[in-house]
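Have a look at the structure below, then the notes.
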Amino acid sequence: MKPIKSLAFYEQWHKYRLETEWLQRSVTQVLGSSLSDDAKANIMRYKDGPDGWAARGQALHDVVEKFLQGEQLVFPERWTDWVDPLIECELFENCEVIATEYRLCDQRKSLGGSFDFLIKHRNGKIVLGDVKTVSSQSAARRRKPAEEQLGAYAAMLCDHHPALPIDKCVTVISAPNECKVIEQSVDQCLESWVDSWDKYQFMLEKW
């Protein structure tokens with residue numbers, strides 16, 4: 001799938017630019033704005049370091065992208081227990097890759113975002129997916145699907161690629177020695193995104 005013309009992502013700032021216009025927000029920022037201060041502090045507490053969630057997430061997202069693109073996998077050995085079940089996931093067996101780490105935008109909302117993968121499953125269904133990593137199998141059982149996030153990507157995909165149907169959304173949860181896939185309807189994810197955007201807009205108005 002061809003990239004959106006004139007859309008660029010600057011990883012060092014986590015900012016998107018469309019032509020000469022810097023987009024004001026990302027999907028991650030919109031969804032993170034509803035978290036409590038305690039929740040934000042708890043997230044940041046485990047972010048950094050070689051075993052933090054930031055390093056783990058980066059490593060495993062790189063693995064998924066390279067695996068789907070048929071490239072050689074190179075990753076720190078500490079993540080082997082996560083990688084093995086992830087690349088053996090039934091979802092990816094004999095699938096056709098449409099896009100990975102694909103940049104999207106909504107100019108009206110001044111919004112940017114990137115989804116992890118879009119594939120054609122071996123059953124012929126088009127699947128939009130997001131990968132989440134957790135530290136344990138018990139955390140995998142508690143992890144909720146990324147429905148608002150997937151809804152945002154689905155909405156922007158409909159804008160830019162209206163002829164490309166999405167049959168379902170999935171959250172792939174990567175844990176040590178386990179990979180869990182949560183399926184959701186596209187409509188459910190779109191509705192959740194609309195609700196989240198409305199709450200974000202209401203919060204901005206209160207400011």
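Results, tabulated for the structure shown:
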| read-out | value |
| --- | --- |
| Amide H within-cut-off set for K168, under 5 Å, with H built and near neighbours excluded | I126, L128 |
| Mean Cα-pair separation over length for the chain, i.e. relative contact order, pairs under 8 Å, 6 or more apart, % | 20 |
| Calculated Rg and Dmax of the Cα atoms in Å (choose from (1) 19.7, 69; (2) 16.9, 49; (3) 22.8, 86), label | (2) |
| Fraction of accessible area attributable to carbon and sulfur, the chain (%, probe 1.4 Å) | 47 |
| Chymotrypsin sites (Phe, Trp or Tyr not before Pro) within segment 1-94, DSSP loop, no more than 10 other Cβ atoms inside 10 Å | W13 |
| Low-density loop cleavage sites - GluC sites (Glu not before Pro) in segment 21-81, where at most 15 other Cβ are within 10 Å (DSSP) | E71 |
| Length released on extending from E178 to S6, taking residue separation times 0.36 nm less the Cα-Cα span | 58.0 nm |
| Stretch gain in nm, segment D159-Q58, where the contour uses 0.36 nm per residue and the Cα spacing is subtracted | 33.6 nm |
| Simple spin-label estimate for I87 and L73 in nanometres, 7 Å along Cα-Cβ | 0.3 |
| Helix-only CD estimate at 222 nm, as mean residue ellipticity for the chain, using -39500 (n - 2.57) per DSSP H run (n ≥ 4) | -12000 deg cm²/dmol |
| Gained length - H14 relative to R141, 0.36 nm times residue gap less alpha-carbon distance | 42.8 nm |
| Neighbourhood net charge (15 Å Cβ-Cβ; Lys/Arg +1, Asp/Glu -1) for P165 | -1 |
| 18 Å Cα-Cα reach of K180 towards lysines, excluding residues that sit fewer than 8 places from it in its own chain | K132, K144, K168 |
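The values are calculated or read from the model by the stated rules, or taken from the named source; none is laboratory data. For clarity, every value in this text was computed on a predicted model and none was experimentally measured. Note that we place each Cβ from the backbone using ideal geometry, even for glycine, and neighbour counts take in every protein chain shown. Each accessible area value is taken on the protein alone, full model and side chains, heavy atoms only, with ligands, DNA and RNA left out. Shrake-Rupley method; radii C 1.70, N 1.55, O 1.52, S 1.80 Å.
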